[in-house]
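Reviewing the structure listed below.
The numbers here are math on the coordinates, done by the rules we state, and not lab data. Here the structure is a predicted model, which is why all the values come from computation and not from measurement. In this analysis, Cβ positions are derived from the backbone assuming ideal geometry, glycine residues included, and neighbour counts consider all displayed protein chains.
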Amino acid sequence: MSTPSGNESHLALVDGSRLITESCVRAGADVYVGYPITPANLIYAYSSRRFPAVLPAPDEITAIHWMAGLAAAGHLPITATSFPGFALMVEAVNMAYMMELPMLVVLVQRMGPSTGTATAGAQGDLLLLRSLISGGYPLPVFCIASLDDCWCLPPVALQTAADLRSPVVLLTSKEMAMTERSLNLRRLEEEMKVEPIQRRFYDGPAPYCPYAADDGWVPSFLAVGDSHHQVRLTASTHDTHGLLQHSTDEALANTRRLQEKVETGTPVIYDLDEQEGAETLVVTYGITAGAAREAVAALRAQGTLVSLLVAQTLLPVPAAYCEILDRYPRVVVAEENLQGQLARLLFGYRLPRKLRGVRGIGRMIRPDQIAQEVKGR
Amino acid sequence: MSDFLTTPAFPYCKGCGHHLIARNTVRALEALQARPLDIVLVTDIGCHGIVDRNFATHTVHGLHGRSVALGAGIAMGLPPGNQVVVFIGDGGATIGLQHLLEAARLNVDLTVVVHNNMLYGMTGGQPSGLTPCGFRTVITPEGSTLPHYDLCQLAHGAGAPYARRVIGQGDFSDALREALEVEGFALVEVLELCPSHGVKRNPGLRLKELARRVGYELGTWSGEARPAFRLSYRKESPSLLEVKGVDVRFAPLLEARTAVVLGGSAGEGVQRAAEIFAQAAMASGLHVTKKGSYPVTVGVGFSTAEVVLSRDPIAYHGVSQPNAAIITSADGLQHNLGRIQGMDGGTIWLDESLEVPETGAEVRVRDFRGRAGPRNAALYALLNFARETDTVAPEALVEAVRESPIGKHVPTEILEEATS
């Protein structure tokens, strides 16, 4: 028997929202800007008790602009929302992307379209995130696939936001944010300690150039209000000084850099559980990872050879995924949407014959659905 | 040339009032003996927003109509000593009115300068919310038939300590200086005419005469002086991991993974009872998940809890066909009817007030509501479940109830009955 013990006095019933919030605070996020929306309300509630500073905003457009202003002033702000609220934030996420401001948006998916069902989970926003930035520029997106990820991924997302000077989305869904599970909290404290992320600010003697990336793809950061250096930020096409330009070579080079920055700088995180001899690879992300793990365990117990890839870095799509997918003659992609959003992200609209999809809405994908598809050759 | 400028050649059309606003802003800043790097100038989309390169201050150029919200974030995030100046047009003030009112309500330390030329100049001269009645635009060639918003009065009504409307002619730097000296939110609305669209379609129009005719009252609206809104930092807060732990002190009875559905009515403690049951299972060394389902209204209709118990870690917590369904009310039955009808095994515990549905599960009818009352029916049903099954020991559940926040309010007799 495997009991959830260890140090039993720290065994507790916790939901994902609690861990996400605590992890963000420990990692150094200092301001939570909130606007209520189901199923992200628990994160707002926990944040109001735990964050160093909390700002209740009057609407989502204000919320994301306050975040951008706070980020420009040197803070590391976060918010949590769901599609209807996130839709209102899209223009300003583009602004923060262009201004190169670090921030984190926890996107808790619920079933759409539109307001859909606020209390039903979903995995329906991946392709929205793929095309969120006008021009098709990649936005870093990480996805929580387990309760442990609720603890481990926020620091990665925040560090990425700081390192890349970029808004970052941490994707999850209602079933992860709101379902309670037994967990040994002592294990989090002792074996999975969350350290404050590292931030670097410009401190050179030369005049600060807010978009000059001398040592790579990411310009050094300095907050507006600095008493020694002028800081210019702009959402419009601009040169390295932050001055608006129409389409000069310098400005276009700056815009091209944004793509390179995110493509090369986003950490690649995934969980690959390969079984020797397996010809079928199950690929999944987010809330469906739990069902996939149980399906794979059950299949292996029955003697079926099968491998599993759980994607935690969703965007930009890591090249490693393509290499892994190419190794298997058969791929089963499981996800809680009708379109096969991850499948299309990985394979495009001409889905190959080797691909099988397990899809659905309104209910979590079950382990037996995945197992059936793996066996159904 | 002023220290606040990088070049005195502003990028505006000849005759545009924006020239004067920029010059008067510089005069006001100089009069206050501010340093350029003490100032953050926040602009947005519109002709007013292309002035960044002229200023030697910090400059932030954002989205159309959002400079007040963006500037508010900056002002809240900076320590006192920096001054945030927001430039916005009348079109921007229209689209971003909520941001403006909220910044006034909070009293964010901002000076907002509204370039009110009464139309959208950059996009061809369309009317904004500040276009007054009778003013001709490309969309309203006969003159607008609608009244304009009175921004000063709106800001004043929202709590702004200072709002002032001036004609954008000559030296009006005193208004801007006064605004900059305000602790908190200050708004200066400058009336001007766009030479390319406003003057062209309203030839011979005089600003003072227009202001008088359409009710653009000139003057100052003073509000109550209040401390400026600052980001308040809490020094310490308890870790969210400091939750009441559970000691494993009962032997696990359960062998195979078991999914239990508890269905009842909102307000009858269904979710709380399920949480207590989950605590008891944890005290018995089991892995547990607990999911709640209820309408967004929370206080009316069904309330269903799904609890999964297992000796092994639970990766998937969904419950399609439960091993046990415990139903205490008609709401709970209705919400779970589909899966109860789909059960081809397992057991259902049903309150005796309810009609027995068609199902392949064993049905055990019990009196939950009558014995324990609606408020305790769900908890009582779980105590009964523990007594009748080898899932969680009744003693473990009774102890979990006693240790819970509702422990003192649960009638002793139903706890004693569970272990009798």
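On a 0 to 90° scale, report how tilted helix A:41-50 is relative to the longest principal axis of chain A, with both axes built from alpha carbons and the result rounded to the nearest 10.
60 degrees
Go ahead and estimate [θ] at 222 nm for the protein assembly as shown from helices alone: -39,500 (n - 2.57) per DSSP H run with n ≥ 4, summed, over the residue count, rounded to 500.
-10500 deg cm²/dmol
By how many degrees, between 0 and 90 and to the nearest 10, does the Cα long axis of helix A:147-164 differ from the longest principal axis of chain A?
Helix A:147-164 sits at roughly 30 degrees to that axis.
Among the aspartates and glutamates, select those whose C-alpha is under 20 Å from the C-alpha of B:Lys408, and discard any that sit fewer than 8 residues away in the same chain.
B:Glu268, B:Glu275, B:Glu395, B:Glu399, B:Glu416, B:Glu417
Based on other C-beta atoms within 10 Å, arrange A:Cys322, B:Cys47 from fewest to most.
The most exposed by this proxy come first: A:Cys322, B:Cys47.
Only bridges with both residues in the stretch B:258-419 count here: give the DSSP antiparallel percent, nearest 5.
Counting DSSP beta bridges with both partners in the stretch B:258-419, the antiparallel share is about 55 percent.
So which of A:Lys354/B:Lys291; B:Lys244/B:Lys290; A:Lys375/B:Lys290; A:Lys193/B:Lys235 end up more than 26 Å apart, counting from Cα to Cα?
With Cα atoms farther than 26 Å apart: A:Lys354/B:Lys291; A:Lys375/B:Lys290.
Can you work out the FRET efficiency for the pair A:Lys354 and A:Glu189, with r the C-beta to C-beta distance and R0 = 45 Å, to the nearest 0.05?
With R0 = 45 Å, the Cβ-Cβ based efficiency is 0.55.
Can you return the lysines within cross-link range of B:Lys14? Criterion is Cα-Cα under 26 Å, with same-chain partners fewer than 8 residues away left out.
The reachable lysines, counting only those whose Cα sits under 26 Å from B:Lys14, are B:Lys200, B:Lys208.
Hey, can you grab everything whose amide H is under 5 Å from the amide H of A:Gly28? Only 5+ residues off in sequence or another chain; H modelled, so Pro and N-termini drop out.
Under 5 Å from the amide H of A:Gly28 lie the amide H atoms of A:Ile197, each far enough along the sequence or on another chain.
Would you mind computing, in nm to one decimal, how far apart the modelled labels at B:Glu178 and B:Ser420 are, each placed 7 Å from Cα along Cα→Cβ?
8.1 nm
Quick one: work out the % antiparallel among DSSP beta bridges in the protein assembly as shown, nearest 5.
Around 30 percent antiparallel, to the nearest 5.
Rounded to whole Hz and in sequence order, give me ³J(HN,Hα) for the stretch A:299-309 from the Karplus expression 6.51 cos²θ - 1.76 cosθ + 1.60, θ = phi - 60°, writing x for Gly and Pro.
Those phi angles translate into 4, 5, 5, 8, x, 7, 7, 7, 10, 9, 10 Hz.
Please give the net charge around B:Arg136, taking every other residue with its beta carbon less than 13 angstrom from that of B:Arg136, where Lys and Arg add +1 and Asp and Glu add -1.
Cβ neighbours under 13 Å give a net charge of +1.
Taking neighbour counts of Cβ atoms within 10 Å as a proxy for exposure, in what order, fewest first, do B:Cys16, A:Cys209 appear?
Taking fewest neighbouring Cβ atoms as first place, the list is A:Cys209, B:Cys16.
At a 10 Å Cβ-Cβ cut-off, how would you order B:Leu205, B:Leu101, fewest neighbours first?
By the 10 Å Cβ count, ascending: B:Leu205, B:Leu101.
For B:Glu224 and B:His409 in one chain, what is 0.36 nm times their gap in residues minus the Cα-Cα distance, to one decimal in nm?
61.7 nm
If a/c stays under 1.5 just call it rounded; otherwise compare a/b with b/c (prolate if a/b is bigger, oblate if not). Do that for the protein assembly as shown, with a ≥ b ≥ c from the square roots of the Cα gyration tensor eigenvalues.
Prolate.
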